[in-house]
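The values are calculated or read from the model by the stated rules, or taken from the named source; none is laboratory data. For clarity, every value in this text was computed on a predicted model and none was experimentally measured. Counting neighbours? That spans all protein chains shown, and the Cβs are built from the backbone with ideal geometry, glycine included.
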Amino acid sequence: MKKKHPSLKKNDKVIVLSGKDIGKIGSVLMVDSEKGRATVEKINIVKRHSKPGPNNAQGGIVEKEASIDISNLQLVCGRCAEPTRIGKKILDDGSKIRVCKKCGGALNE
């Protein structure tokens, strides 16, 4: 089965549609297209226990962002400031851009 290419990119502003952080807005830190998951800033915070080491002298409990499935995220348009689906458009010079399905404006590239 062929994997679908995710339409989200790094630094996109997204809203969480389901899960414990429903309704929260954050920016995408990383996208894993192989697994279909994304890491979003201040969303899906988990606690991890770490041993003392060169990076962390004291050790203890560390809070960090875990990845979330891309299907649970939706892009927020910068122009109309609403969650929207993403469309693709080919310009006259042959380049492709992403457009907002609600207002029709170009999304930040």
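Could you list all residues from segment 41-66 that are under 19 Å from the mean Cα position of the chain (by Cα) and among the hydrophobic types (A, V, I, L, M, F, W, C)?
Ile43, Ile45, Val46, Ala66 - these are the residues of segment 41-66 that are under 19 Å from the mean Cα position of the chain (by Cα) and among the hydrophobic types (A, V, I, L, M, F, W, C).
Give the residues of segment 78-109 that are under 19 Å from the mean Cα position of the chain (by Cα) and in a loop (DSSP other than H, G, I, E, B), sorted by residue number.
Those that are under 19 Å from the mean Cα position of the chain (by Cα) and in a loop (DSSP other than H, G, I, E, B): Gly78, Arg79, Cys80, Ala81, Glu82, Thr84, Arg85, Lys101, Leu107, Asn108, Glu109.
Being touching an Asp or Glu at 6+ places or on another chain (Cβ under 9 Å), surrounded by 11 or more Cβ atoms within 10 Å (Cβ to Cβ) and at pLDDT below 95: is that true of Lys35 here?
Criteria met by Lys35.
Please work out if Glu65 is touching a residue at least 24 places away in the same chain (Cβ under 8 Å) and over 28 Å from Cys103 (Cα atoms). Write out each step before concluding.
Working: touching a residue at least 24 places away in the same chain (Cβ under 8 Å): yes; over 28 Å from Cys103 (Cα atoms): yes.
Taking the combined requirement at face value, the residue satisfies it.
Tally the residues that are out of contact with any strand residue (DSSP E or B) (no Cβ under 7 Å at 6 or more places or on another chain) and either in a loop (DSSP other than H, G, I, E, B) or among the acidic types (Asp, Glu) (or both), restricting the search to segment 44-77.
Result for segment 44-77: 7.
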